[in-house]
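What follows is a short report on a single structure.
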Amino acid sequence: MLKVKNVIANDDYTLFVELSDGRSGIFDVKPYLEKGVFTQLQDLSYFKQVKPFFCGIVWPNEQDLSADTLAHGLKQIKAA
């Protein structure tokens, strides 16, 4: 089962994500910011409160994204 090992929120509403299968990269949250419960993420200080939770990620008011969603939209970082 795919899991999020680490997540770091960036100032541009992207997330640096590390997955349990060894992939890591950037996930752009901007397309979600105008949708339903995700509008609260427009507050950058709130956005930065993201953390891994079960297999995905979660914010304090229970907005969440699954590891599969993150993996699907992940722009992988190429090794140097």
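When we screen Leu65, Leu70 for residues that are touching a residue at least 40 places away in the same chain (Cβ under 8 Å) and closer than 18 Å to Lys3 by Cβ, the only hit is Leu70. Going through (1) out of contact with any helix residue (DSSP H, G or I) (no Cβ under 9 Å at 6 or more places or on another chain); (2) of a type in the set (D, E, K, R); (3) at positive phi one by one, Glu62 falls short only on (1). Looking across segment 21-38 at every residue that is closer than 14 Å to His72 by Cα and part of a loop (DSSP other than H, G, I, E, B), the one that is least open to solvent (accessible area, probe 1.4 Å) is identified as Val29. When the residues of segment 40-80 are filtered to those that are of a type in the set (S, T, N, Q) and over 12 Å from the mean Cα position of the chain (by Cα), the one that is surrounded by the most Cβ atoms within 10 Å (Cβ to Cβ) is Gln40.
Of the numbered conditions (1) of a type outside the set (A, V, I, L, M); (2) out of contact with any helix residue (DSSP H, G or I) (no Cβ under 6 Å at 6 or more places or on another chain); (3) at pLDDT 95 or above, Lys3 fails exactly one; give the number of that condition. Result: Lys3 fails condition (2) only. Of all residue pairs spaced 6 or more apart or on separate chains, those with beta-carbon atoms under 7 Å, a first member in segment 1-23 that is at positive phi and touching a residue at least 24 places away in the same chain (Cβ under 8 Å) and a second member that is surrounded by 17 or more Cβ atoms within 10 Å (Cβ to Cβ) and assigned to a loop (DSSP other than H, G, I, E, B) are Tyr13/Val29.
Scanning segment 8-17 for residues that are under 20 Å from Ala71 (Cα atoms) and either touching a Gly at 6+ places or on another chain (Cβ under 9 Å) or not in a strand (DSSP E or B) (or both) returns Asn10, Asp12, Tyr13, Phe16, Val17. The set of residues from segment 39-57 being in contact with a strand residue (DSSP E or B) (Cβ under 8 Å, 6 or more places away or on another chain) and closer than 19 Å to His72 by Cα comprises Val50, Lys51, Pro52, Phe53, Cys55, Gly56, Ile57.
The values are calculated or read from the model by the stated rules, or taken from the named source; none is laboratory data. Note that this is a predicted model, so its numbers are computed, not measured. With ideal geometry, Cβ positions are generated from the backbone for all residues, glycine too; neighbour counts draw on all protein chains shown. Heads up: the accessible areas ignore ligands, DNA and RNA and are worked out on the full protein's heavy atoms, side chains in. Shrake-Rupley method; radii C 1.70, N 1.55, O 1.52, S 1.80 Å.
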